[in-house]
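As structure tokens, the structure follows; a few thoughts come after it.
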Number of protein chains: 2
Amino acid sequence: MDMQTNFLDRLFESGLLIETGVDGLYGRSGQFEDVIAAFERLIDRFGGADGAEAMRFPPGMNRAFFETSGYMKSFPQLAGTVHSFCGDELDHMSLLKCMEVGEDWTKDQEATDIVLTPAACYPLYPTVARRGALPMSGKLFDLQSYCFRHEPSKDPARQQLFRMREYVCMGTERHVTDFRQSWMDRGVEMMKLVGLDVTIDIANDPFFGRAGKMLANNQRDQNLKFELLIPITSVTKPTACMSFNYHQDAFGTKWGLNLEDGSVAHTACVGFGLERIALALFHTHGLDVKHWPEEVRKVLWG
Amino acid sequence: MDMQTNFLDRLFESGLLIETGVDGLYGRSGQFEDVIAAFERLIDRFGGADGAEAMRFPPGMNRAFFETSGYMKSFPQLAGTVHSFCGDELDHMSLLKCMEVGEDWTKDQEATDIVLTPAACYPLYPTVARRGALPMSGKLFDLQSYCFRHEPSKDPARQQLFRMREYVCMGTERHVTDFRQSWMDRGVEMMKLVGLDVTIDIANDPFFGRAGKMLANNQRDQNLKFELLIPITSVTKPTACMSFNYHQDAFGTKWGLNLEDGSVAHTACVGFGLERIALALFHTHGLDVKHWPEEVRKVLWG
């Protein structure tokens, strides 16, 4: 049995994660949630004084905005569109017949206006664009939501529905790259405080297909994405638990995000994979929170 | 302009809800979230000593369990199935072409193993069934998740993605009906504490079609569903902010939930519509939390 399946089984046995019969889709125990809540308070302690505007979007977003985002160009395999039954009573009868005989009843479901949110910041850009020009001093946002990625896996650190906490910064190039650098420093400091071994490395997004390889190479060549890595199911292949992304003016141009002087805003975002961080803590300190090192417990629960 | 649209516009103007371009799909401000968090703490104060096991499921569930639940028989119009792109690079090229010329690109999306959770307790029953017999003294569970219902509306109290907090009780008929009654009393007391006008009334679920009318009548005749109603956008048609449901042994039979003596477990659940309760508070006490009555602020924020 490999390390991923082994860790997943131990999480099921301890009750921290709850099996649902679908790989990458799990319930969480109250204890698991308590660790995530404690880590989010730690994030607040580091970022709370920066004056970010908090917004919380639900786990689905406007399909029209999702289409504009270009997600289907880069990551079509990961997206989840939401479909519904839109028929009348006769259609309903044939749907039920279909289910009864075990045929595919989903083929007549019709796409709704909603797709699952692929990353917490996706609904933000069109929301901010509609407000008008950004101040020259920039703007900072604090986001968290459940996100969906269709990549069934036995790796507990690769879930189909998981929570991402994000800070998103919009402003001048200098402003947003400083923001990104400060969170790379903070991220290392935070993880050290809770006793986690970290490295930071250059990274790329999982772009689809052969053309995607070129996009990934470009992203790496330009230092646009860094990840903070922590061992969860492998020491040689540690898991990305935070990412630090500089979009240059790509999102500003796409969404029409302008500064007050008319220039296109640059943007950057910093994301915390909350389930991954909780899993890193359980992997490193053990499945019983009561036995975690006293100094780690103190940082998380004061 | 009707009362619903009027209230929704005021919520947008105040920033408490954030427009996304889709009816019933909104972002929430930090202040809105803070009210929900405070009300959840009030729920904990009332229910915390009952020894419920807390579980938190993500906003999607196993499609196989959803099919077994019979939801598509009763509420096909409300369900949301999650679909993904499963093609190769050639398929991807034609998908992008489709998007470029503005044709329907969603028709080739394939159903995944996941559907959106229609009510917080749906993933619970198969989870508990797999654990084996329930103690004669029964079991209590504490749940919360985002839920999806496909019913676009300008009524801010009818959202497509919203959060439901639930307690679910499994045990003997006497045990679970006592549980339901005690929460009807607690619900009235809690709402009084936060200054909300409530009535409790018999109710039915929105069963689909003409056959559904009969199911709704049966449900009413047998007193299986009660709702706690609070005026939000109408005094004559107040909104259901809590519901109290007795399933008899229907879920016990469907999922194989048995007590230790081999009898089928009865089940009941009590649900809080968290967004609706927050909206009732904003409607009753005003959009500025600082100006809410001192005694209400004290109950919520101590």
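Any chance segment A:151-173 includes a residue that's more than 30 Å from A:ASP44 (Cβ to Cβ) and of a type in the set (Val, Ile, Thr)? No, segment A:151-173 contains no residue that is more than 30 Å from A:ASP44 (Cβ to Cβ) and of a type in the set (Val, Ile, Thr).
Considered as a group, the residues in segment A:96-105 that are more than 7 Å from chain B (Cβ to nearest Cβ) and part of a helix (DSSP H, G or I) include one that is least open to solvent (accessible area, probe 1.4 Å), and that residue is A:CYS98.
Filtering segment B:224-233 for residues that are over 24 Å from B:SER145 (Cα atoms) and free of Cβ contacts under 8 Å to residues at least 40 places away in the same chain leaves an empty set. Checking each residue in segment A:106-137 for being polar (S, T, N, Q) and more than 9 Å from chain B (Cβ to nearest Cβ) picks out A:THR117, A:SER137.
A search for C-beta distances below 9 Å between a residue of segment A:69-93 that is farther than 24 Å from A:GLY24 by Cβ and any residue that is among the β-branched types (Val, Ile, Thr) and open to solvent by less than 20 Å² (accessible area, probe 1.4 Å), counting only pairs 6+ apart in sequence or on different chains, returns A:PHE85/B:THR81; A:CYS86/A:THR112. The residues in segment A:194-211 that are part of a loop (DSSP other than H, G, I, E, B) and farther than 22 Å from A:VAL299 by Cα can be counted, and the count is 6. Would you say B:THR199 is β-branched (Val, Ile, Thr), open to solvent by 20 Å² or more (accessible area, probe 1.4 Å), touching a strand residue (DSSP E or B) at 6+ places or on another chain (Cβ under 6 Å) and farther than 18 Å from B:GLU275 by Cα? Criteria met by B:THR199. The combined condition, being assigned by TED's automatic domain parsing to the domain that holds A:THR177 and either more than 30 Å from A:ARG41 (Cβ to Cβ) or within 14 Å of the chain's Cα centre (by Cα) (or both), is fulfilled by A:ILE277. Going by the structure shown, is A:ALA133 under 19 Å from A:LYS254 (Cβ atoms), modelled with pLDDT of 95 or more, assigned by TED's automatic domain parsing to the domain that holds A:PRO58 and over 23 Å from the mean Cα position of the chain (by Cα)? Yes: the conditions hold for A:ALA133. Of the helices (runs of 4 or more DSSP H) lying entirely inside segment A:3-84, those carrying at least 2 residues that are within 8 Å of chain B (Cβ to nearest Cβ) and open to solvent by 20 Å² or more (accessible area, probe 1.4 Å) are A:30-47, A:63-69. Among the residues of segment B:63-72, is any closer than 28 Å to B:ASP249 by Cα, of a type in the set (S, T, N, Q), in contact with a Gly (Cβ under 8 Å, 6 or more places away or on another chain) and assigned by TED's automatic domain parsing to the domain that holds B:LYS254? Looking through segment B:63-72, none of the residues is closer than 28 Å to B:ASP249 by Cα, of a type in the set (S, T, N, Q), in contact with a Gly (Cβ under 8 Å, 6 or more places away or on another chain) and assigned by TED's automatic domain parsing to the domain that holds B:LYS254. Scan segment B:118-167 for residues that are open to solvent by less than 10 Å² (accessible area, probe 1.4 Å) and touching a Pro at 6+ places or on another chain (Cβ under 7 Å) and jot them down. Selection gives B:SER145, B:CYS147, B:PHE148, B:GLN160, B:LEU161.
Apart from one condition, B:MET93 fits all of (1) more than 30 Å from B:ARG174 (Cβ to Cβ); (2) of a type in the set (A, V, I, L, M, F, W, C); (3) surrounded by 22 or more Cβ atoms within 10 Å (Cβ to Cβ); the exception is (3).
The values are calculated or read from the model by the stated rules, or taken from the named source; none is laboratory data. It should be emphasised that the depicted structure is a prediction, and the values quoted were computed from it without experimental measurement. Glycine gets a Cβ as well: all are built from the backbone with ideal geometry, and neighbour counts include every protein chain shown. Accessible surface is based on the protein model in full, side chains and every heavy atom, while ligands, DNA and RNA are left aside. Shrake-Rupley method; radii C 1.70, N 1.55, O 1.52, S 1.80 Å.
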